[in-house]
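Report on one structure; see the data block that follows.
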Amino acid sequence: MTNILQVQFPLATIHKTADGISEATNQLLFGETLEVLENAGNGWSKIRSLHDQYEGYVSSVMLGSAVEATHIINVPLTHIYSEAAFKSLPMQPAYMQSRICLNGNEQDGFCGLQSGGWVYKSHIRAIDAVEKDFVATALAFEGAPYLWGGRSQ
């Protein structure tokens with residue numbers, strides 16, 4: 001029986017061994033799904049990313065029940081806010097390609113999330129929508145620092 005979970009934090013680093021100091025081999029983004037291969041002990045899980053099939057170890061506290069995503073973040077970085085307003089408290093950052101599920105509520109240009117919080121409507125797109133201007137997307141990352149295994153800005 002497969003155990004499919006989802007990343008509940010903005011980023012989850014995949015490590016080579018079951019500790020936080022070993023080599024980082026990849027990152028998982030908020031909402032991405034993975035298969036838990038085994039409980040490695042000490043709060044770590046051996047996993048396989050369903051996005052790119054990378055295997056390694058992540059902190060088990062970063063994982064939770066999987067919910068099917070309806071949308072993705074389509075800007076390099078945005079925030080999930082506590083209320084439908086830019087002046088409200090940001091609950092967490094959300095990086096491009098993070099997967100979210102909307103709850104159907106819209107208010108003042110924001111969309112409500114099933115997991116709680118609000119995201120600015122123009123910072124998301126439907127999960128199955130195709131980005132038309134790939135050059136503009138690439139240029140949005142011009143000057144971004146390199147991080148081995150990184151998938152965030």
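General observations
- Filtering His123, His71, His79 for residues that are in contact (Cβ under 8 Å) with a residue 40 or more places away in the chain and open to solvent by 50 Å² or more (accessible area, probe 1.4 Å) leaves a single hit, His79.
- Of the residues Gln97, Gln53, the single one that is among the polar types (S, T, N, Q), closer than 29 Å to Gly143 by Cβ, assigned to a loop (DSSP other than H, G, I, E, B) and open to solvent by 40 Å² or more (accessible area, probe 1.4 Å) is Gln97.
- Only one of the numbered conditions (1) assigned to a strand (DSSP E or B); (2) in contact (Cβ under 8 Å) with a residue 40 or more places away in the chain; (3) open to solvent by 70 Å² or more (accessible area, probe 1.4 Å) is violated by Glu131, and that is (1).
- Only one entry of Ser98, Ser115 meets the criterion of being under 26 Å from Gly64 (Cα atoms), at pLDDT 85 or above and touching a Gly at 6+ places or on another chain (Cβ under 7 Å), and that entry is Ser98.
- Residue within region 17-25 that is surrounded by 16 or more Cβ atoms within 10 Å (Cβ to Cβ) and either acidic (Asp, Glu) or under 13 Å from the mean Cα position of the chain (by Cα) (or both) present: no
- Residues in region 82-92 that are outside any loop (DSSP other than H, G, I, E, B) and either among the polar types (S, T, N, Q) or open to solvent by less than 40 Å² (accessible area, probe 1.4 Å) (or both): Gln92 alone.
- Qualifying residue in region 60-80 (condition: over 17 Å from Gly150 (Cα atoms), modelled with pLDDT under 95, aliphatic (A, V, I, L, M) and out of contact with any strand residue (DSSP E or B) (no Cβ under 7 Å at 6 or more places or on another chain)): no
- If you check Glu55, Glu131 for being out of contact with any Lys or Arg (no Cβ under 6 Å at 6 or more places or on another chain) and among the acidic types (Asp, Glu), only one passes: Glu131.
- For region 134-153, taking the residues that are outside any helix (DSSP H, G or I) and among the aromatic types (Phe, Trp, Tyr), the one that is surrounded by the fewest Cβ atoms within 10 Å (Cβ to Cβ) is identified as Tyr146.
The values are calculated or read from the model by the stated rules, or taken from the named source; none is laboratory data. Remember, predicted model here, so these are calculated numbers, not experimental data. Counting neighbours? That spans all protein chains shown, and the Cβs are built from the backbone with ideal geometry, glycine included. For accessibility, only protein heavy atoms count, side chains too; no ligands or nucleic acids. Shrake-Rupley method; radii C 1.70, N 1.55, O 1.52, S 1.80 Å.
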